[in-house]
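Peer 1: Below you'll find the structure I mean.
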Amino acid sequence: MTIALQYCHITVNDVDESLAFYRDGLGFEVRNDVASGGFRWVTLGSATQPGVELVLSEPHAGRSQADGDALQELLIKGVLPMTIFSTDDLDATFERVRAAGAEVLQEPIDQPWGPRDGAFRDPSGNMIRLQQAPKASS
């Protein structure tokens, strides 16, 4: 038996604004953009992980009004769980995301536990961290 992550949901206020950010800023490719019940099913992925897709969805998509309202409040506060992406060139990726207009939270630094990482917020306020594995010492 095998098990693998297939979809990872990211709640966003504006699908179009977020789609441009994740596609143009982070370099993900659009896999699906389909209307669904007044909302859209939008997925993006990376060639390096063809079986994993990010799903961009609005707080009220597929939820009750009360649940959507509660999720919207958490999104506005910026307290939803962060998403961490790995990259083989943190500095170049970080600069591309900065150029896309991201709010920088932490410039890239070497962390004491190993990786080099940096953080920013997407257009909806979600914390996104980028990290690069430490270089092997020779």
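Peer 1: Any residue at all in region 2-12 that's part of a loop (DSSP other than H, G, I, E, B), under 13 Å from S124 (Cα atoms) and at pLDDT 95 or above? Write out each step before concluding.
Peer 2: The initial filter retains those residues of region 2-12 that are part of a loop (DSSP other than H, G, I, E, B), namely 2-6, 12.
Okay, now just the ones that are also under 13 Å from S124 (Cα atoms), so 12.
From the residues that got through so far, the ones that are at pLDDT 95 or above too are 12.
The answer is yes, given that some residue of region 2-12 is part of a loop (DSSP other than H, G, I, E, B), under 13 Å from S124 (Cα atoms) and at pLDDT 95 or above.
Peer 1: Return the residues of region 27-62 that are hydrophobic (A, V, I, L, M, F, W, C), surrounded by 12 or more Cβ atoms within 10 Å (Cβ to Cβ), closer than 17 Å to L5 by Cα and free of Cβ contacts under 8 Å to residues at least 24 places away in the same chain; say none if nothing qualifies.
Peer 2: None; the set is empty.
Peer 1: From Q72, Q65, which residue is within 17 Å of T11 (Cα to Cα) and surrounded by 14 or more Cβ atoms within 10 Å (Cβ to Cβ)?
Peer 2: Working: Q65 fails: surrounded by 14 or more Cβ atoms within 10 Å (Cβ to Cβ).
Testing whether each residue is within 17 Å of T11 (Cα to Cα) and surrounded by 14 or more Cβ atoms within 10 Å (Cβ to Cβ) leaves just Q72.
Peer 1: Scanning region 84-125 for residues that are within 13 Å of V12 (Cα to Cα) and of a type outside the set (G, A, S), which turns out surrounded by the fewest Cβ atoms within 10 Å (Cβ to Cβ)? Spell out how you get there, then give the answer.
Peer 2: The first filter runs over region 84-125 and keeps only residues within 13 Å of V12 (Cα to Cα), leaving 121-125.
Those still in the list that are of a type outside the set (G, A, S) too: 121-123.
On the way: R121: 15, D122: 23, P123: 20.
That would be R121.
Peer 1: Out of region 46-61, which residues are farther than 17 Å from S18 by Cβ and more than 14 Å from the chain's Cα centre (by Cα)?
Peer 2: The initial filter retains those residues of region 46-61 that are farther than 17 Å from S18 by Cβ, namely 47-52.
A47, T48, Q49, P50, G51 - these are the residues of region 46-61 that are farther than 17 Å from S18 by Cβ and more than 14 Å from the chain's Cα centre (by Cα).
Peer 1: Given the structure, is P112 in a loop (DSSP other than H, G, I, E, B) and either at pLDDT 95 or above or over 17 Å from the mean Cα position of the chain (by Cα) (or both)?
Peer 2: Details: in a loop (DSSP other than H, G, I, E, B): yes; either at pLDDT 95 or above or over 17 Å from the mean Cα position of the chain (by Cα) (or both): yes.
Considered against the rule, which asks whether it is in a loop (DSSP other than H, G, I, E, B) and either at pLDDT 95 or above or over 17 Å from the mean Cα position of the chain (by Cα) (or both), P112 comes out as yes.
The values are calculated or read from the model by the stated rules, or taken from the named source; none is laboratory data. Predicted model, so just to flag it, every value in this text is computed and none were measured. Cβ sites come from the backbone with ideal geometry, for glycine too, and all protein chains shown count toward neighbours.
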